[in-house]
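Visitor: Would you mind keeping the following structure in view while I ask a few things?
The values are calculated or read from the model by the stated rules, or taken from the named source; none is laboratory data. For clarity, every value in this text was computed on a predicted model and none was experimentally measured. For neighbour counting, all protein chains shown are included, and Cβ atoms are generated from backbone atoms with ideal geometry for every residue, glycine included. Ligands, DNA and RNA are excluded from the accessible area calculation, which covers all protein heavy atoms including side chains. Shrake-Rupley method; radii C 1.70, N 1.55, O 1.52, S 1.80 Å.
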Amino acid sequence: QVQLVESGGGLVQAGGSLRLSCAASGRTFSSYSMGWFRQAPGKEREFVATISWSGFSTFYADSVKGRFTISRDNAENTVYLQMNSLKPEDTALYYCAARPGSFSDYAPKYDYWGQGTQVTVSS
C-alpha cells in the first residue's frame, strides 16, 4: 500500500515557475515508477510526465517537454515536478501516481493516486 500527498501548487503568472512535490509513504517507494497527471475543468485527466523506479528514465507529454522536469529522491520517498515557463493552459489539478514495475503514460496502469494540488497560471 502506498499513500501519496502532493504539495507545492499555487497561483503564478505566465512565465513563472513552480515545483510540485509528492511525498509517498511505505518502505517500497523505490520499487515504484511514478507519474504526474493533470486535469483541467471540463477536460479528461491527461498525462504529464513519468519516471522509472531508478530515476534513470523519464518521459514527457509533448505539451510540457522542455519546460517541465520530473525527478525523484528515493531516500526521501519523494517525487518532484519542476515546472518552468508556465502557461495559462497548464492550469489544472495535478496528481501524482505510483505503479509497481515499468513507467507508463497510461493512467489506468497506476495503482495509487494522491488527492491533487491545484496549479493556476494567470495571463
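Visitor: Answer with yes or no whether residue 60 is under 12 Å from the mean Cα position of the chain (by Cα) and open to solvent by 30 Å² or more (accessible area, probe 1.4 Å). Write out each step before concluding.
Guide: Numbers: under 12 Å from the mean Cα position of the chain (by Cα): yes; open to solvent by 30 Å² or more (accessible area, probe 1.4 Å): yes.
Here the answer is yes, as residue 60 does meet what is asked.
Visitor: Another question, then. Mind checking which pairs have a first residue in the stretch 18-37 that is on the phi > 0 side of the Ramachandran plot and a second that is of a type outside the set (Gly, Ala, Ser) and surrounded by fewer than 24 Cβ atoms within 10 Å (Cβ to Cβ), Cβ under 9 Å, 6 or more apart or different chains?
Guide: The qualifying pairs are 26/1; 26/2; 26/3; 26/77.
Visitor: Could you list, in sequence order, all residues of the stretch 69-81 that are in a strand (DSSP E or B) and without any contact (Cβ under 8 Å) to a residue 24 or more places away in the chain? Before you say what the answer is, go through the steps one by one.
Guide: Taking the stretch 69-81 as the starting set, the residues that turn out to be in a strand (DSSP E or B) are 69-73, 78-81.
69, 71, 73, listed by residue number.
Visitor: Run down 122, 54, 33, 102 and say which single residue is open to solvent by less than 10 Å² (accessible area, probe 1.4 Å) and not acidic (Asp, Glu).
Guide: On the way: 122 fails: open to solvent by less than 10 Å² (accessible area, probe 1.4 Å); 54 fails: open to solvent by less than 10 Å² (accessible area, probe 1.4 Å); 102 fails: open to solvent by less than 10 Å² (accessible area, probe 1.4 Å).
Unique residue meeting the criteria: 33.
Visitor: Report every pair of residues separated by at least 6 positions or lying on different chains whose Cβ atoms are under 9 Å apart, first residue within the stretch 2-13 and closer than 13 Å to residue 93 by Cβ, second polar (S, T, N, Q) and in a loop (DSSP other than H, G, I, E, B).
Guide: 6/115
Conditions (1) out of contact with any Phe, Trp or Tyr (no Cβ under 7 Å at 6 or more places or on another chain); (2) farther than 18 Å from residue 3 by Cα; (3) basic (Lys, Arg), marked per residue:
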{"position": "73", "(1), (2), (3)": "yes, no, no"}
{"position": "82", "(1), (2), (3)": "no, yes, no"}
{"position": "88", "(1), (2), (3)": "yes, yes, no"}
{"position": "96", "(1), (2), (3)": "no, no, no"}
{"position": "105", "(1), (2), (3)": "no, yes, no"}
{"position": "108", "(1), (2), (3)": "yes, no, no"}
{"position": "112", "(1), (2), (3)": "yes, no, no"}
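Visitor: Looking only at the stretch 21-49, count every residue that is out of contact with any Ser or Thr (no Cβ under 6 Å at 6 or more places or on another chain) and assigned to a strand (DSSP E or B) and tell me the total.
Guide: Matching residues across the stretch 21-49 total 12.
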